[in-house]
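J.: Just passing along the structure, written as structure tokens.
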Amino acid sequence: MSADAVAVTGFIVLFVLMLLRVPVGMAMGLVGVSGFGYLVGSGPALKLIGQTSMRTVTDYTFGVIPMFLLMGAFVSASGVSRELFQAANAFVGHRKGGLGVATIAACAGFAAISGSSVATAATFSTVAYPEMRRYGYPQSFATGVIAAGGTLGAMLPPSTVLAVYGIITQQDIGKLFVAGILPGLLAISMHMMTIGVIGAVRPGFLPAGPKSDWPERLASLRDVWAPLLLFAFVIGGLYGGVFTPTEAGGMGAGGAFIIGVLRRRLSRADIRASLLQATRTAAAVFTVLIGALLFGYFLTVTQVPQKVTEFMTGLGVGPYGVLALIMLMYLVLGCLMDAMAMIILTVPIIFPVVTALGFDPIWFGVIIVMTVELGLIHPPVGMNVFVIKSVIKDVKFSTIFAGVLPFIVTDLIRLVILILLPIIATYLPSRM
């Protein structure tokens, strides 16, 4: 069997295994080792398993993932989410749609510290949703805002998705984190503007909450300054070259632990649960990474990336035409696949095409994450939608999807803006 036939067979087997609910890391590793063994030999394939596994779990650069996961776990256990929402609500909750704006602001703050979209959506389903419903916000709007706000965790540093992209493509993870700041701020602004437009188009649809006086507003900031200062310290140190990404993760995890203990928000049970949560999540991510690296060796020996590059650059549609096709592919895959699986499966194949066309790899990483954000909320999968449904039992999927529709339109507009103005993503990394 030729290398091309083996490659096609490998992809078919991979998708069959994924349809059978085999974990994506296991599926990619199995196909990668089997295909590599068939073409090169069983001996080298077996050696590859041990070498790749050991190199991945002992690589200093990869330590950024468990450190930031641990930081997020400590922050989540400290109850910061409710304090962020209360602080944001104190300043803007009295305006029409203000609770929605407060939810976006609090989601952004929490996502920036925890780095998890799913955790953000799940947390604010219990924190913000009851408040919005209590003041008469429609169910579709309340759930839609939470789903959209949860996507900010994919872009704002420390982003696990950006870290994995950097590992796969061998890009500077620190620059990728910094590259996500301005696009993340753009996302926050456009989501808030979307809420304002909804309120203007449909008068009476979004009620106003009670107004807080200035002493109450200042008091609400008392509980949130420390976590936000920690985020600024970690990202500022990263941007200033004081920390490597792994060191920044360690400082963040240590800082989150100290803040939680000093504020008496972390009990022994919370610490134990946070350590277990971070360990389990890191183990899952590393399993997928090992599988992806093994699958990458299979792609190398079958020369799939080179052949895909030759095909796509020879289409005659120009660089931006090829980019449009890639974005369309990601939007379709986002309907069917988990975000992390989509990144790990496609980037090794697509990345050589992007570099051959002359696009900036840091900018492309941000573009990929933006499509991942869309995949978190658009049907039929919409991971954040499923998370919200699992927390809020009395809401229908159709209701949540109706609520996120305006934010999907906003995200598509934002994607076009970033494609037309790549400097939004490349300016800060270029200053490092």
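J.: Let me have the 222 nm mean residue ellipticity of the chain computed from DSSP H runs of 4+ only, each contributing -39500 (n - 2.57), with the sum over all residues rounded to the nearest 500.
T.: Value at 222 nm, helices only, nearest 500: -25500 deg cm²/dmol.
J.: Over segment 109-238, how many percent of alpha carbon pairs lie in each 10 Å bin up to the one with the longest distance?
T.: 11, 32, 36, 16, 4, 0
J.: A further question follows. What shape does segment 1-71 take by its C-alpha gyration tensor, where a ≥ b ≥ c are the square roots of the eigenvalues and a/c under 1.5 counts as rounded, a/b above b/c as prolate, and the rest as oblate?
T.: oblate
J.: Quick one: give the max-minus-min coordinate of the C-alpha atoms of segment 1-132 along each principal axis, largest first, in Å.
T.: Here the spans come out as 69, 32, 19 Å, largest first.
J.: Where does segment 160-214 land on Rg(C-alpha)/(2.2 N^0.38 Å)?
T.: Ratio of Cα Rg to 2.2 N^0.38 Å: 1.82.
J.: Let me ask something else about it. From Cα pairs below 8 angstrom and at least 6 apart in sequence, can you work out the relative contact order of segment 3-430, rounded to a whole percent?
T.: Working: 641 pairs, mean separation 112.9, N = 428.
Value for segment 3-430: 26 percent.
J.: Starting from the eigenvalues of the Cα gyration tensor, five times each then square-rooted, give me the equivalent ellipsoid semi-axes of segment 92-136, largest first, whole Å.
T.: Over the Cα atoms of segment 92-136, the semi-axes work out to 20, 12, 5 Å.
J.: May I pose another question? Can you tell me the Rg and the Dmax, both Å, for the Cα atoms in segment 215-371?
T.: Expressed in Å, the Cα Rg and Dmax of segment 215-371 come to 21.3, 66.
J.: To test your reading of the geometry: what angle, between 0 and 90 degrees and rounded to tens, separates the Cα axis of helix 24-40 from the longest principal axis of the chain?
T.: The two axes meet at around 10 degrees.
J.: Then there's this: Per 5 Å bin from zero, what fraction in whole % of the C-alpha pairs of segment 292-407 is there, up to the bin with the longest pair?
T.: Taking every Cα pair in segment 292-407, the percentages come to 2, 11, 19, 19, 17, 13, 8, 6, 4, 2, 0.
J.: Give, as a single signed number, the net charge of other residues whose beta carbon lies under 14 Å from the beta carbon of Arg263, with Lys and Arg counted +1 and Asp and Glu -1.
T.: Details: positive: Arg82, Arg222, Arg264, Arg265; negative: Glu83, Asp223, Asp270.
Neighbour charge sum, excluding Arg263 itself: +1.
J.: Checking a compactness column here: for the chain, what do you get for Rg(Cα) / (2.2 N^0.38 Å), N being the number of residues?
T.: Compared with the compact-globule rule of thumb, the chain sits at 1.00.
J.: Right, next: Give me the angle, in degrees from 0 to 90, between the Cα long axis of helix 268-302 and the longest principal axis of the Cα atoms of the chain, rounded to the nearest 10.
T.: 30
Values in this text are rule-based calculations from the coordinates and carry no lab data. Because the structure is predicted, anything quoted here is derived from the model rather than measured. Note that we place each Cβ from the backbone using ideal geometry, even for glycine, and neighbour counts take in every protein chain shown.
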